[in-house]
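Below is one structure; the comments refer to it alone.
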Amino acid sequence: MENTSCSIKHGNSLDRLKRIEGQVKGIVKMVEHDKYCIDIINQISAVKGALNQVALLILQNHVESCVSEAVKNADEKEKEEKIEELIDTVKKFVK
């Protein structure tokens, strides 16, 4: 889903995601080479943690820019939509 009403640069997040991509490729190689299960699980756990950190960074940027902008400048309907969108996103994230 693309939203053009708010523009955020995701450079730092993109760098982190590329690092995570490398970690996932490493996990694939570990599985292909029948590495020790616990080592694979530890790497998967590290990737999950890294993904959570990227998600939090993107969410923080969204709140500081898009949501903040809507709360300051938008009409009531758009404010309510942004707040509801934020609540829904947080609910999905903490599941």
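The values are calculated or read from the model by the stated rules, or taken from the named source; none is laboratory data. A quick note: this is a predicted structure, and the numbers were derived from the prediction, not measured. Cβ sites come from the backbone with ideal geometry, for glycine too, and all protein chains shown count toward neighbours.
Brief remarks follow.
- Each residue in segment 60-92 was checked for being out of contact with any Cys (no Cβ under 8 Å at 6 or more places or on another chain) and small (Gly, Ala, Ser), and 2 of them qualify.
- Figure legend. Inter-residue proximity from segment 42-53: first residues on the phi < 0 side of the Ramachandran plot, second residues surrounded by 11 or more Cβ atoms within 10 Å (Cβ to Cβ) and at pLDDT below 95, beta-carbon distance below 9 Å, spacing 6+ or different chains. Indicated pairs: Asn52/Phe93.
- Looking across Ala74, Ala55, Ala46, one residue alone is over 22 Å from Leu17 (Cα atoms), of a type in the set (Gly, Ala, Ser) and surrounded by 10 or more Cβ atoms within 10 Å (Cβ to Cβ). It is Ala74.
- Segment 18-73, subset part of a helix (DSSP H, G or I) and basic (Lys, Arg), residue farthest from Val94 (Cα to Cα): Lys29
- The set of residues from segment 74-95 being basic (Lys, Arg), in a helix (DSSP H, G or I) and closer than 15 Å to Leu56 by Cβ comprises Lys91, Lys92.
- Residues that are without any contact (Cβ under 8 Å) to a residue 24 or more places away in the chain and surrounded by 15 or more Cβ atoms within 10 Å (Cβ to Cβ) within segment 77-88 comprise Lys79, Lys82, Glu85, listed in sequence order.
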